[in-house]
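Input: a single structure, listed below in structure tokens.
What follows is calculated from the coordinates using simple rules that are stated; it is not laboratory data. Only a predicted model underlies this, so the values are computations on that prediction, with no experimental measurement involved.
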Amino acid sequence: MTDNSQTETKPTTPPDEPATPAAAAPAAMEEQLAAARKEAAANYDRFTRAVADLENFRKRTVREKDELRQFAATGVMEDVIPILDNLGLGLAAARLQPDVTSVVNGVGLVLEQFKTTLARHGLKEVNPAGQKFDPNFHECIAHQSSADVAEENVMQVVRPGYTLNGRLLRPASVIVSSGPAKETKA
């Protein structure tokens, strides 16, 4: 009997592509990997430089803020020095002067010079005598009855307050009117 079964055999013809591109694929991948490593190294270098620049910027900013804080009052101090000079001259003159009124006038002039200088730098006095009590700018230290001053108005300023460029530094300490005295029945 003859065996009619056929065995399949694959043709042994050479492939259409030459064998060198198959060997070239790993070489191309090596080149891509080398390029990617080079790019990663460049990116890491840029990253470390950026971190160093940021740290230097932070240190410089802290240093500049400290210098600014230390020397922020330079302009005010330059304007206050002549007032100190005038106070020294006034004190020297007061020691030689038997007349108290001239000393009082001199100190008054120096006080006005000082207030004017501070006002040029944004300091404003809060003196609310006769005004309505404002808890945002005034500190009530007492209430007193008064027939002359309306209720909840400032009768007396015990200590003036101050604002610097619109920001409250110290509230004015005031005595507030509680209106006319109320009669008590006996």
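Could you tell me what percent of the DSSP beta bridges with both partners in the chain are antiparallel, to the nearest 5?
Numbers: 12 of 18 bridges.
The answer is about 65 percent antiparallel.
Given H placed on each backbone N at 1.01 Å, which residues far from C140 in sequence or on other chains put an amide H within less than 5 Å of it?
V174
Which of (1) 146; (2) 132; (3) 410 is the computed volume of the Cα convex hull per residue in Å³ for the structure on display?
(3)
Relative to the longest principal axis of the C-alpha atoms of the chain, give the angle of the C-alpha long axis of helix 74-96, reported between 0 and 90° and rounded to the nearest 10°.
For 74-96 against the chain, the angle is about 20 degrees.
Please list, in chain and number order, the residues 5+ apart from S146 or on another chain whose amide H is under 5 Å from its amide H, with Hs placed from the backbone.
Distant-sequence amide H within range of S146: S178, G179, A181.
Hey, can you grab everything whose amide H is under 5 Å from the amide H of V126? Only 5+ residues off in sequence or another chain; H modelled, so Pro and N-termini drop out.
Close amide H contacts, sequence-distant or interchain: G161, Y162, T163.
Using each residue's phi in region 110-122, evaluate 6.51 cos²θ - 1.76 cosθ + 1.60 at θ = phi - 60° and report the 3J(HN,Hα) Karplus result to the nearest Hz, with x for Gly and Pro.
Those phi angles translate into 5, 4, 5, 4, 5, 4, 5, 4, 5, 5, 5, 9, x Hz.
With θ set to phi - 60°, apply the Karplus curve 6.51 cos²θ - 1.76 cosθ + 1.60 along region 44-61 and write out the HN-Hα couplings as whole Hz, x wherever there is a Gly or Pro.
5, 4, 4, 4, 5, 5, 5, 5, 5, 4, 5, 5, 5, 4, 4, 5, 5, 5
Can you compute 3J(HN,Hα) from phi for each residue in region 133-144, using the Karplus curve 6.51 cos²θ - 1.76 cosθ + 1.60 with θ = phi - 60°, rounded to whole Hz and x for Gly and Pro?
Residue by residue, region 133-144 yields 5, 10, x, 6, 10, 10, 10, 7, 9, 6, 10, 9 Hz.
Of the residues M155, M77, M29, which exhibits the maximal mean-square fluctuation in a Gaussian network model of the chain defined by a 10 Å Cα contact cut-off?
The residue with the greatest mean-square fluctuation here is M29.
Taking every DSSP beta bridge with both residues inside region 123-186, roughly what % is antiparallel (nearest 5)?
On the way: 12 of 18 bridges.
If I count the DSSP bridges inside region 123-186, around 65 percent turn out antiparallel.
Please report the relative contact order for region 123-186, taking Cα pairs under 8 Å with a sequence separation of at least 6, and give it as a percent rounded to a whole number. Display every interim value, and only then the final one.
Values: 149 pairs, mean separation 26.9, N = 64.
Answer for region 123-186 is 42 percent.
With the contact rule set at Cα under 8 Å and sequence spacing of 6 or more, what percent relative contact order holds for region 59-186?
On the way: 171 pairs, mean separation 26.7, N = 128.
It comes to 21 percent, rounded to a whole number.
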